[in-house]
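The values are calculated or read from the model by the stated rules, or taken from the named source; none is laboratory data. Keep in mind that what you see is a predicted model, and the values were worked out from it rather than measured. Virtual Cβ from ideal backbone geometry, glycine too; neighbours counted across all protein chains shown.
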Amino acid sequence: MSSDLEEKLLDDLQKSGFGSELKVLETLKAEDWKVFAGLSYFDSTSKKSREIDVHALRVCHEDVENASSEDSSFEISFELWIEVKKTTHPWIILRSSSPDKFIDLTSALYRVTAANGFSLAEMRKLIASRSVAMRSGWSGHGVHEAFKKPDQPSQWFAAFTKLACVCRDPNYCRVFFKGNERRYMRTAQPLVVLDGKLFSAQSNGDGISITEIREASIDFNVSEGSAPDERPSIQIDVVTMTALSDYLKDASMTHHRLCEVARSEIAAEPSQETR
């Protein structure tokens, strides 16, 4: 292959966005996540098959040593459903003007899609306390794609809708490694990795201030045919490509802490004889 052809192919790959997807896969593997690329799923709302760019997974499944409880085997999984977007149009996250809406993050932020045998209150608090919304101190309610022509399709809304649907679909809320007696908890976080510039915008009383950021969390609601108040909103994270490695380290630590909580909970249980 000539160097000229190779250069053209690489340039086309980068423009298509597949080059960005390959970078995301490389980063995930470097951070020790189990990765599935190009995962297809059936959209039960539209009755069509669709594709998610990346599904990444971390799982701990083990027996707690010296536990007094007979059912000491457990599994904790932390999953990322990821859409990768390459753009020359900066994304501007619109900060919410009602921050009190996001106080109850323990129930609204992350989706515990399957659970059995655990007290979830402490785990939900842990997940919420380590979330992007809590780190940044705010949550967004929408995205403006700067400099996009009115007739150009929106990247963000299509990606968010797809992620919200797959995270809520019961067909994708199964536990992958559950044994016959194993306790388990599975939590899934929808994520957009942006290969481009990311900003936030908020009203400051004298006008609008714009700040360049690395990550954000957006409160998103897709009704899927139901009334809006019948479908709870879901927090979808957005992270820039350059900040992805740090985001994954934080997510890995959250998963590690969840496993610690599970071990402690099982170890503290009374034996069958003392119950």
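Details
- Residue ranges of helices (runs of 4 or more DSSP H) in segment 56-165 with at least 3 members in contact with a Pro (Cβ under 7 Å, 6 or more places away or on another chain), buried (at least 16 other Cβ atoms within 10 Å of the Cβ) and modelled with pLDDT of 80 or more: none
- Given (1) over 25 Å from L258 (Cβ atoms); (2) modelled with pLDDT under 75, index of the condition E51 fails: (2)
- Hits in segment 200-219 - residues which are surrounded by fewer than 18 Cβ atoms within 10 Å (Cβ to Cβ) and touching a helix residue (DSSP H, G or I) at 6+ places or on another chain (Cβ under 8 Å): R214
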